[in-house]
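Remarks on the structure that follows.
Values quoted throughout were computed directly from the atomic coordinates according to the rules given, and no laboratory measurement underlies them. Note that the structure is a prediction, hence the values are computed from the model and not measured. So basically every Cβ, Gly included, is an ideal-geometry build from the backbone, and we count neighbours across all protein chains shown.
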Amino acid sequence: MLKRSAQLFALSAALVATSVQARDLYRWVQYVPGGIEARAVTDSPACPAANIDGQSANMVERSAPGANYPVRGCSLPVPKGAKLVTLDGVPVALPKERANRILVVGDTGCRMKGTDRAQACNDISEWPFRLGAAMSSDFKPDLVIHVGDMHYRETACPVGDKGCAGSPFGDTWGVWKEDFFDPAEPLLNTAPWVMVRGNHEECGRGGIGWARTLDPYGYDPQSGRDGCLGVKQPYQVDLGGVTVIVMDVSTADDQKVNEAQAALFRPQFEMAKTIQGPVWFTFHRPIWAMETTVNGKPIGDNKTLAAAAKGALSPNVQALLSGHIHVFEVLKYENDLPLQIISGNGGDELSMDVVPPVGLEVNGEKIMAGVAKPGIFGFAMMERDGADASGSKWALTAHDRRGQIIARCQLDHRQLSCP
């Protein structure tokens, strides 16, 4: 592992240090309501030629080139049971009937906001998403869940700042290419994805690029702001004995209870009551989590979602997968609640002031077990216990950007052990 890590680090560093020829085609597979789609973004005059199990298929133009987006987005529904799908002759990664190895990563973009919030996007040690994506692809996951916040370069690099000099900014293809598609390409080619919308994909931030490329729902240039949609209903992903419910909580109010939003989200949390077997929810903003303390009081939770989830989460809900807080964190509560897993340390500037969580009370819920690893870039892997027919036993391992283990935990339904 150490030799392989060193090789990947050297390769990634070389890619950043040299001028890389622009790619004009990105291919991937992602879950959407009702199934999966093969997607592509290209600057060619037409969508890529497609083939499903030896039969020609036509990709549909999802989004035509437009202002700040000189590329077209393309999509192709993939029938369940398809064995081989190619785009321009290149196979794309299809789901396995039973996903056993799941990569969870989030908050991956490079922050540029104002004159005092600029990461060194040109330095792989300061913004290592490219390295983390290359390393994690080597782990051969069956599925990637990105828990949101891909787009971070909102304003221009400060004058004279060599760390981000030359970087694009704003809701443009140049930013989406630099912040997500180019560094994520190894992972896009490795496994199908679940794309979770973060607050940085709101319509006033990076929402146009999200709508044109990654939004699991359809793109309509006449709706919203250049096709950017508001909150949509959740959809389900079957992992083979485990169901993931994907929610859009990108606009959920953290600081206070927004009653209208809580009323919207409550029936979404109640959806699990109609599902047999273990259920995970994945959404961007965590509920009973903590980032830091102010006057001894933990902060970082989401008050609107806490109000919506109260009494709505059925006993079969095992875990909540989120980002938003830039740290790896997994928490078990004194009350019988799902485990909260946070994998928000994929690339953006890290949360450094996270204190040991055990014993703290967050929005009325006491944390009785868990671990937090602040100040470390990385990703998390969830691996199914093959001997467990129920689908409730998983090993959760957090890795740093070079693949080294920083935490190990065992999950058994809502029980948590992190030796």
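Taking R0 as 60 Å, what's the FRET efficiency between GLU97 and SER125 from their Cβ-Cβ distance, rounded to 0.05?
The value I calculate is 0.90.
For a Förster distance of 45 Å, can you work out the FRET efficiency between the beta-carbons of ASP138 and LYS366, rounded to the nearest 0.05?
Once rounded, the FRET efficiency stands at 0.70.
If you average the sequence gap of Cα pairs under 8 Å that are 6 or more apart and divide by the length of the stretch 53-205, what percent do you get for the contact order?
25
Running a GNM on the chain with Cα contacts under 10 Å, which residue among ARG117, ARG153, ARG197 ends up with the highest mean-square fluctuation?
Top of the fluctuation ranking is ARG117.
Beyond 20 Å between alpha-carbons counts as too far, so tell me which of LYS332/LYS393; LYS273/LYS366; LYS113/LYS162; LYS256/LYS297; LYS96/LYS273 fall in that bin.
As for pairs spanning more than 20 Å Cα to Cα, those are LYS273/LYS366; LYS96/LYS273.
Counting DSSP beta bridges with both partners in the chain, what percentage is antiparallel, nearest 5?
75
Comparing GLN55, GLN30, GLN276, which has the greatest mean-square fluctuation in the GNM of the chain with Cα pairs linked when under 10 Å apart?
GLN55
Quick one: net charge around ARG153, please, counting Lys, Arg +1 and Asp, Glu -1 for every other residue with C-beta under 10 Å from its C-beta.
-2
If each residue of separation counts as 0.36 nm, what is the full-extension length gain between VAL257 and ARG408 once their alpha-carbon separation is subtracted?
Contour length minus Cα-Cα distance gives 50.9 nm.
Specify whether the C-alpha gyration tensor of the chain places it in the rounded, prolate or oblate class, a ≥ b ≥ c being the square roots of the eigenvalues: rounded for a/c under 1.5, otherwise prolate if a/b is larger than b/c and oblate if not.
rounded
When DSSP assigns beta bridges and you keep just the ones with both residues in the stretch 295-386, what percent turn out antiparallel, to the nearest 5?
Of all bridge pairs located within the stretch 295-386, approximately 75 percent are antiparallel.
Which of the aspartates and glutamates could be linked to LYS310 by a straight reach, that is with a Cα gap under 17 Å, when you skip same-chain ones fewer than 8 residues away?
The reachable aspartates and glutamates, counting only those whose Cα sits under 17 Å from LYS310, are ASP253, ASP254, GLU259, GLU270, ASP301, GLU334, ASP336, GLU361, GLU365.
Tell me, in nm to one decimal, what length is gained between VAL358 and ASP385 on full extension, where the rule is 0.36 nm per residue of separation less the Cα-Cα distance?
Stretched fully, the VAL358-ASP385 segment lengthens by 7.1 nm.
What's the exposure ranking of HIS151, HIS413, HIS326, going from fewest to most Cβ atoms within 10 Å?
Going from least to most buried by this count: HIS413, HIS326, HIS151.
Modelled label-to-label distance, SER417 and GLU61, 7 Å Cα→beta-carbon offset: nm?
5.8
Once the piece of chain linking ARG266 and GLN222 is laid out straight, how much longer is it, given 0.36 nm per residue of separation minus the C-alpha distance between them?
Gain in length upon complete extension: 12.9 nm.
Label points 7 Å out from Cα along the Cβ direction at GLU349 and LYS232: separation in nm?
3.3
Could you run the Karplus curve 6.51 cos²θ - 1.76 cosθ + 1.60 with θ = phi - 60° over the stretch 41-56 and give me ³J(HN,Hα) per residue in whole Hz, x for Gly and Pro?
10, 9, 9, 6, x, 8, 5, x, 5, 10, 8, 10, 6, x, 10, 4
Build a GNM of the chain with springs between Cα atoms under 10 Å: which of PRO338, PRO70, PRO168 gets the top mean-square fluctuation?
The residue that fluctuates most here is PRO70.
Can you run phi through the Karplus equation (6.51, -1.76, 1.60; θ = phi - 60°) for the stretch 334-346 and list ³J(HN,Hα) in whole Hz, with x for Gly and Pro?
5, 6, 7, 10, x, 5, 9, 10, 10, 10, x, 10, x
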